[in-house]
Amino acid sequence: MTRRIFNSIFGVSFLLLLCCLAVVTALLYQNFTSVQKKTLVTETQLAAQGIEKNGMAWFDGLKADGYRLTWVSADGTVLCDTQVDASSMENHAQREEIREALETGSGESVRSSATLGTRELYRSQKLSDGTVIRAAVTQQTAWSLVVGMLPPFCAILIAAAVIALLLAGNLAKRIVGPLNALDLDQPLENEAYPELSPLLTRIERQHRQIGEQLSELSDKKNEFETITGSMSEGLILLDDKGRVLSINRAATILFEVDDACVGRDMLTVDRSPEMQRLLTDALAGKRCEALLKLGGASFEANASPVLTNGETRGVCILVFDVTEKAALEAQRREFSANVSHELKTPLQSIMGSAELIENGLVQPDDLPQFAGRIRTESARLVTLIDDIIRLSQLDEGGELPFETVDLRDVADEAVSLLGPEAEKKNVSLSVTGESVQISGVRRLLHEIVYNLCDNAIKYNVAGGSVSVAVGREDGDAVLIVADTGIGIPKESQGRVFERFYRVDKSHSKETGGTGLGLSIVKHAAQLHLARLELSSELGKGTTVAVRFPL
Ligand code: ADP
């Protein structure tokens, strides 16, 4: 600012000075010339009078400082000169001023010397005897006048520079002062310069716009934080360098970090090789996923690059719990392995018996026994396949026909079906309780009661009993199947609902068990949102209660 003001003031002063110098020089030069010419005329007249009176004697002892006098005869021969020896001078008849004087009585001329930078003014006058007297004076050119004026000009210029500098500093301070004192938070309250009004109005408008945009941004941020904060999945946003921009509450819990990780590298949140690979791929613009083990649970992390014009601007990582999915997968694998194994055993037995018969190695008397074994194993296979089909139907889910079912009716039906079986095993079977209507799938409710009663008979002792009770308790419909059988050891009680789990494999097989009965019960109960409670004591008996919420 100061510099600009200085430049302006100094520039204007310099130009002004230059103009003044030119004008003054021109005027002075004109003035000098006219004064010199007048003086030259007077000098010539005086010399003419002196020579007319005294002749050559007039020149004796003459002192003519600054002037040169030359006396020329009528034929142009130089008779006398105050500065140069006359005999050495050439004929002057053709000099302009001499010729003019000879013709008209007086003459004038001006000759310049480019080398000396001077001008000679000549004035001549014809005397009565026909001779001519000439006076000459040397005049400085305009340029030498300028050169002569340069020192004072420079002095004035330096003074102008100093004044301009002082003025500029002062002016800048006075101009900038009010600008520095502007309150930009309240632009319209300022009374600095009227010229600033449009600027201040614009600043005020921009203030308002920025305020509105900030509040909009803050609303959006709050909205974003509310949504991501209530998500059960972990959500992390990274910039293009892999630094955390935002991390939601679920992710901080999963990775056991706090909000201080925002702005730091993602690897400070999770340093596992899986995460490193995920980040490298995502920052390279690839969508990728990885399985993470966090706190003993399995999580899937999906990383999506945020691309703008093909360039990765950031990465969005979504982390969700797949523990259940992983467990289900493991369960499915285990189930397939178990199914193959369970199917293989009876099939091998059937094949073995058939081969023996085929090769004639079985005595005719033993044939019925072998045929019986083949039948028993085939029946076992059919039961097994039936159970597997039932289970997979339950696994598939799909639309189930829910209806109002009387639990007591279902219990009576199952008990009457199992009556002969109970009789065969010398086990008494009874149903007690009221009729309770629940909403359920009749076929599945039948499976529950049938399987529980079937187990209670199968794992009972001769002379034992099985009692089925139906009723209401604490707002639930309750079905209780209690037996006085062999009981289940403590360590197996938690596992009997697993697929293919049997306490005593040989005994279970003997009794035609597949290890799937209680799994079907558990699954069917889950579909009815019912709770299963099992209590058992070895050698005393087992009680299973199914509680259906009403
Ligand atoms: P299974 O078809 O072998 O009976 P389940 O899934 O119905 O298979 O039962 C799993 C295991 O639990 C059985 O093999 C048996 O050892 C035990 N179990 C089930 N119910 C009873 C019961 N009422 N008393 C004693 N043990 C039982």
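Cβ-Cβ distance below 6 Å, separation of 6 or more or different chains: which pairs start in the range 525-550 with a residue that is on the phi > 0 side of the Ramachandran plot and end on one that is crowded, with 20+ Cβ neighbours inside 10 Å and in a strand (DSSP E or B)?
Gly541/Asp483
Tally the residues that are in contact with a Leu (Cβ under 7 Å, 6 or more places away or on another chain) and either assigned to a helix (DSSP H, G or I) or farther than 20 Å from Thr131 by Cβ (or both), restricting the search to the range 29-88.
The total comes to 9.
Anything in the range 328-364 that is exposed (fewer than 12 other Cβ atoms within 10 Å of the Cβ) and part of a loop (DSSP other than H, G, I, E, B)? List them, or say none.
If the condition is that a residue be exposed (fewer than 12 other Cβ atoms within 10 Å of the Cβ) and part of a loop (DSSP other than H, G, I, E, B), then Asn359, Gly360, Leu361, Gln363 are the ones that fit.
I'd like to check something: does the range 205-215 contain any residue that is touching a helix residue (DSSP H, G or I) at 6+ places or on another chain (Cβ under 8 Å) and surrounded by fewer than 13 Cβ atoms within 10 Å (Cβ to Cβ)? Full working, then the answer.
Going through the range 205-215, the residues touching a helix residue (DSSP H, G or I) at 6+ places or on another chain (Cβ under 8 Å) turn out to be 207.
Next cut, surrounded by fewer than 13 Cβ atoms within 10 Å (Cβ to Cβ) only: none.
No, the range 205-215 contains no residue that is touching a helix residue (DSSP H, G or I) at 6+ places or on another chain (Cβ under 8 Å) and surrounded by fewer than 13 Cβ atoms within 10 Å (Cβ to Cβ).
Do you know which residues across the range 446-498 are among the polar types (S, T, N, Q) and within 20 Å of Ser519 (Cβ to Cβ)?
Passing the criteria: Asn451, Asn455, Ser492, Gln493.
How many residues does the range 1-59 hold that are of a type in the set (A, V, I, L, M, F, W, C) and under 60 Å from the mean Cα position of the chain (by Cα)?
Here is the first cut: in the range 1-59, the ones of a type in the set (A, V, I, L, M, F, W, C) are 1, 5-6, 9-10, 12, 14-24, 26-28, 32, 35, 40-41, 46-48, 51, 56-59.
Filter once more, keeping what is under 60 Å from the mean Cα position of the chain (by Cα): 1, 5-6, 9-10, 12, 14-16.
The total comes to 9.
Looking only at the range 230-258, which residues are surrounded by fewer than 12 Cβ atoms within 10 Å (Cβ to Cβ) and under 24 Å from Ala290 (Cβ atoms)? I'd like the intermediate steps shown before the answer.
Step one: of the range 230-258, the residues surrounded by fewer than 12 Cβ atoms within 10 Å (Cβ to Cβ) are 230, 232, 241, 256, 258.
Those that are surrounded by fewer than 12 Cβ atoms within 10 Å (Cβ to Cβ) and under 24 Å from Ala290 (Cβ atoms): Ser232, Lys241, Glu256, Asp258.
Within the range 269-288, is there a residue that is free of Cβ contacts under 8 Å to residues at least 60 places away in the same chain, assigned to a strand (DSSP E or B), more than 27 Å from Asn222 (Cα to Cα) and in contact with a strand residue (DSSP E or B) (Cβ under 6 Å, 6 or more places away or on another chain)?
There is at least one residue in the range 269-288 that is free of Cβ contacts under 8 Å to residues at least 60 places away in the same chain, assigned to a strand (DSSP E or B), more than 27 Å from Asn222 (Cα to Cα) and in contact with a strand residue (DSSP E or B) (Cβ under 6 Å, 6 or more places away or on another chain).
Would you mind stating whether Glu434 is more than 10 Å from Val481 (Cβ to Cβ), within 16 Å of the ligand (Cβ to nearest atom) and modelled with pLDDT under 95?
Criteria not met by Glu434.
Among the β-branched types (Val, Ile, Thr) and under 35 Å from the mean Cα position of the chain (by Cα) - does that describe any residue in the range 204-224?
Yes.
Show the residue pairs that are 6+ apart or on different chains and have beta-carbon atoms under 8 Å apart, the first residue being within the range 472-495 and farther than 21 Å from Ala525 by Cα, the second being part of a helix (DSSP H, G or I) and within 10 Å of the ligand (Cβ to nearest atom).
So the pair list comes out as Gly485/Ala456.
Select the strands (runs of 3 or more DSSP E) contained entirely in the range 438-538, then report the ones holding at least 2 residues which are over 26 Å from Arg333 (Cα atoms), under 58 Å from the mean Cα position of the chain (by Cα) and more than 8 Å from the ligand (Cβ to nearest atom).
Numbers: elements: 465-473, 476-483, 531-537.
Strands (runs of 3 or more DSSP E) meeting the threshold: 531-537.
For Thr345, indicate whether it is assigned by TED's automatic domain parsing to the domain that holds Ala250 and β-branched (Val, Ile, Thr).
Here the answer is no, as Thr345 does not meet what is asked.
Hey, any hits in the range 542-549 for a residue that's in a strand (DSSP E or B), surrounded by fewer than 16 Cβ atoms within 10 Å (Cβ to Cβ) and outside the structural domain of Arg390 (by TED's automatic domain parsing)?
Yes: the range 542-549 contains one or more residues that are in a strand (DSSP E or B), surrounded by fewer than 16 Cβ atoms within 10 Å (Cβ to Cβ) and outside the structural domain of Arg390 (by TED's automatic domain parsing).
Okay, residues lined up against (1) more than 16 Å from the ligand (Cβ to nearest atom); (2) part of a helix (DSSP H, G or I); (3) not assigned by TED's automatic domain parsing to the domain that holds Lys522:
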residue	(1), (2), (3)
Pro368	yes, yes, yes
Ile385	no, yes, yes
Ile389	no, yes, yes
Leu418	no, yes, no
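Taking Arg313 and the conditions (1) in a loop (DSSP other than H, G, I, E, B); (2) touching a residue at least 40 places away in the same chain (Cβ under 8 Å), which numbered condition does it fall short on, given that it satisfies the others?
Every listed condition holds for Arg313 apart from (1).
For (1) within 16 Å of the ligand (Cβ to nearest atom); (2) closer than 30 Å to Lys522 by Cβ, each residue gets a yes or a no:
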site: Lys293; (1), (2): no, yes
site: Gly296; (1), (2): no, yes
site: Asn309; (1), (2): no, no
site: Val319; (1), (2): no, no
site: Glu342; (1), (2): yes, yes
site: Glu355; (1), (2): no, no
site: Val362; (1), (2): no, no
site: Arg380; (1), (2): yes, yes
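The values are calculated or read from the model by the stated rules, or taken from the named source; none is laboratory data. Here the structure is a predicted model, which is why all the values come from computation and not from measurement. Glycine gets a Cβ as well: all are built from the backbone with ideal geometry, and neighbour counts include every protein chain shown.
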